[in-house]
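A short write-up of the structure that comes next.
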Protein chains: 2
Amino acid sequence: MRYHKVPDETIRRLPVYLRGLCSFPNNGSHSISSQQLADILHVKSPQVRKDLSYFGDIGTPGVGYDIQKLTKHIRAILQLNNVHCAALVGYGNLGAALLKYTGFGTFCIEINTVFEKDPRKIGRVVRNIKIEEVSKISSLSKRGISIAILAIPAAESQDVTDKLVNAGVGGILNFTSSYLSVPANVKVINIDIGVSLACLPYYLPVGA
Amino acid sequence: MRYHKVPDETIRRLPVYLRGLCSFPNNGSHSISSQQLADILHVKSPQVRKDLSYFGDIGTPGVGYDIQKLTKHIRAILQLNNVHCAALVGYGNLGAALLKYTGFGTFCIEINTVFEKDPRKIGRVVRNIKIEEVSKISSLSKRGISIAILAIPAAESQDVTDKLVNAGVGGILNFTSSYLSVPANVKVINIDIGVSLACLPYYLPVGA
DNA sequence: GAAACTCTGTGAACGAGAACTCAATCACGG
DNA sequence: CCGTGATTGAGTTCTCGTTCACAGAGTTTC
């Protein structure tokens, strides 16, 4: 199931819609209108309709969207119907926090593999996961893991990325501050905490 | 120093430029061309020129941009010339990781205040910072802190945000999954780790 | 000192995404 | 069974940001 040409921005909003649907109070009604959904998520209602219309006729005019059906549909689009296992590379401060992070469950994503360079950490067991050395990344393809989370120092990021790509990883969530060069069929999503924070002072009133 | 109308996207790239300049090998030359800068950061060279041109004539035709001068200039634009203190709200997994995070130093931002709800953590000292209770947020204005990092459960986010805004905070880095409602003069930057991760499966080859 | 070369700054074209608008569709009540 | 009200889906417009192309300024070379 692959769709024509959907804006990345739309894809990015789908998980937000999903979360909105989960939190929608089940007050008897089976359906929700684009306006209601828009209000919850603080976007405009035409935006919601347009986003959803990329994937065929999901709603029914005069009524709205069937909540359960819509939820299932979005999960199907995002390929979140079956659990995805993800590998975490780097068990430093951030890595440890991510492993304990509970916000992935809603989206059926579960970190079940951890790699680390530091020999002192290798072998330790956290949350039933044994920390492995980075050279074991090559075994990911055999384990059917195609998503990786990169939380290591910038200097090693390209090196590890190459290993991940070779192991068949198709999606990388990059917390590193460096640009990752990957083949076209691999998707990288960057989260640069430093840059985001550095933008804030610009918006402060002058002299603050 | 406030400039006409600069795209948010441009502002977001400035810290990246800054980092690129820092890592540029000091090989005798004092200047760098838009092309060189573009190559390092994997953007197009007209993009670099346009971004920088919003802030007046910084470069010299035929030569390029004086590295030191440009660095200073970007820091001035972003208001990063003097150190900014930031308050961290929430000392959970993520909060603890952020406090230890070293990536903020490049941008002259330093977390020097920590608030937490859990009474067992209040009073503890980490990195010379004493963890305070959330009710002390109101004292931020007196301390001249106008940037906050929000790393708490979604349920309490709006509550704490209101407290922050009342205390004169003008910029919030929001790791919470919820939308924050703030007055127009307060800037919120959202980092939603769950959503970013949830997007990845969409891009995987079907059936992976 | 002039010509050739390099690189910036900017106006204009282009493209993507968001907001608007309205016709078509469906449920429901009389 | 038909009219009324509600809401979707899509075509259009608008806004924002990126890319392009070129004029002009500075530097180097002969």
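All of the numbers you see were taken from the coordinates with simple rules; none came from a lab. All values reported here derive from a predicted model rather than from experimental measurement. Backbone-built Cβ (ideal geometry, glycine too); neighbour counts: all protein chains shown.
List of remarks:
- All conditions in (1) more than 17 Å from the chain's Cα centre (by Cα); (2) within 7 Å of chain B (Cβ to nearest Cβ); (3) crowded, with 17+ Cβ neighbours inside 10 Å; (4) not in a helix (DSSP H, G or I) hold for A:Leu173, with the sole exception of (1).
- Subset of the range A:30-40 [in a loop (DSSP other than H, G, I, E, B) and either within 14 Å of chain B (Cβ to nearest Cβ) or within 12 Å of DNA strand C (Cβ to nearest atom) (or both)]: A:His30
- Residue in the range A:19-29 that is more than 8 Å from chain B (Cβ to nearest Cβ), more than 16 Å from DNA strand C (Cβ to nearest atom) and of a type in the set (Phe, Trp, Tyr) present: yes
- Scanning the range B:48-90 for residues that are free of Cβ contacts under 8 Å to residues at least 12 places away in the same chain and more than 7 Å from DNA strand C (Cβ to nearest atom) turns up B:Gly56, B:Lys69, B:Lys72, B:Gln79.
- Residue that is in contact with an Asp or Glu (Cβ under 9 Å, 6 or more places away or on another chain) and loosely packed, with under 14 Cβ neighbours inside 10 Å, where the choices are A:Gly123, A:Gly90: A:Gly123
- Scanning the range B:49-65 for residues that are under 25 Å from the mean Cα position of the chain (by Cα) and more than 9 Å from DNA strand D (Cβ to nearest atom) gives B:Leu52, B:Ser53, B:Tyr54, B:Phe55, B:Gly56, B:Ile58, B:Tyr65.
- Residue list for the range A:41-78, filter: charged (D, E, K, R) and not in a helix (DSSP H, G or I): A:Lys44, A:Asp57, A:Asp66
- Residue among B:Lys121, B:Lys142 that alone is farther than 24 Å from A:Tyr202 by Cα and among the basic types (Lys, Arg): B:Lys121
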